[in-house]
């Protein structure tokens, strides 16, 4: 019986010991949880106080991911001087203008820089005279850049061996006679400024043709001490008659200028145009039909800011003689108009000043030419225009 009592006592002690062990295990897990919670709170505070070291991939946009892909040599100056591979990008107009306004402050370039001419095509859609331009550019790679602004719905379909391949920039709707025309021109300038080698910026249309070979055109811009922006003080109805007194004090009546839309500017003036926040709001609000911003905005602003840099003439020829006194558009030339004598007259028919010297080489481009003019232009280009 004593043995039975001892066995029963021992069994009771083992029954009471079991819950105590379980409690110890439970307390261990509890302490571990409290430790993890405290550690989490500490890391959370650190995340607020310091920059995050890791970010989920889902937070990155495609543009950001592409920007992080570096190429060989990106650790040096090349990453800042290499032009964009394509004209397309995902920047808004506001971002584009801000980015394009960057300009070096130090004189000179600490790398080999070949100055280029940026040809900015402002077009509705297709370029019917592209074949002529292809011949003009041939053999001059590295001395030019091309930018194409069209209506947004148009998708250029140039082959990979064309100079126009992938040169279409992000575009918006342009309405004739509206400030959107100047917006498109500023958009073209801003895209061209992203290439630090672009030194001269020429605005042309799909109906423009080159009148001289590329080398002559290049040297004309390179050796000129002024830019070719027509800026005149017209006292008549279509000049000062379009001035709105609400533009004062930024623009006074005696500062109001008029000129043709098609221009050439150097890099300094191009930057002045795209970074302008003084004159642009005034023209956008107060230059409305029948005030046409593309005939007044750049011309007035540049005359106020840099009058000594303007030749006060355009480098693009047009003919208003056929249009009539009240026409809004110059004459159009087709197949039947294209002769050797006609082209020679356009190239040499006037006298103007170039670096304060008289010259008959006043125009480097001409408009407006219909698609039907392409064939005879291609035939005469080698002997009359000097290329092809």
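Quick notes on this structure:
- Whether a residue is within 27 Å of the chain's Cα centre (by Cα) and over 16 Å from residue 259 (Cα atoms) was assessed, and residue 338 does not pass this test.
- Taken together, 251, 202 contain a single residue that is crowded, with 22+ Cβ neighbours inside 10 Å and assigned to a strand (DSSP E or B), which is 202.
- Subset of region 208-230 that is farther than 21 Å from residue 296 by Cβ and buried (at least 21 other Cβ atoms within 10 Å of the Cβ) - its residue that is farthest from the chain's Cα centre (by Cα): 211
- Just one of the listed residues (329, 299) is surrounded by fewer than 14 Cβ atoms within 10 Å (Cβ to Cβ), out of contact with any helix residue (DSSP H, G or I) (no Cβ under 9 Å at 6 or more places or on another chain), touching a residue at least 24 places away in the same chain (Cβ under 8 Å) and under 30 Å from residue 183 (Cβ atoms), and it is 329.
- Count of residues meeting criterion [in contact (Cβ under 8 Å) with a residue 40 or more places away in the chain, surrounded by fewer than 18 Cβ atoms within 10 Å (Cβ to Cβ) and part of a loop (DSSP other than H, G, I, E, B)] in region 340-365: 2
- Condition met for residue 336 (modelled with pLDDT under 95 and under 24 Å from residue 207 (Cβ atoms)): no
The values are calculated or read from the model by the stated rules, or taken from the named source; none is laboratory data. Everything quoted here is computed from the prediction, not taken from an experiment. A quick note on method: Cβ atoms are made from the backbone with ideal geometry, for glycine too, and the neighbour counts reach across all protein chains shown.
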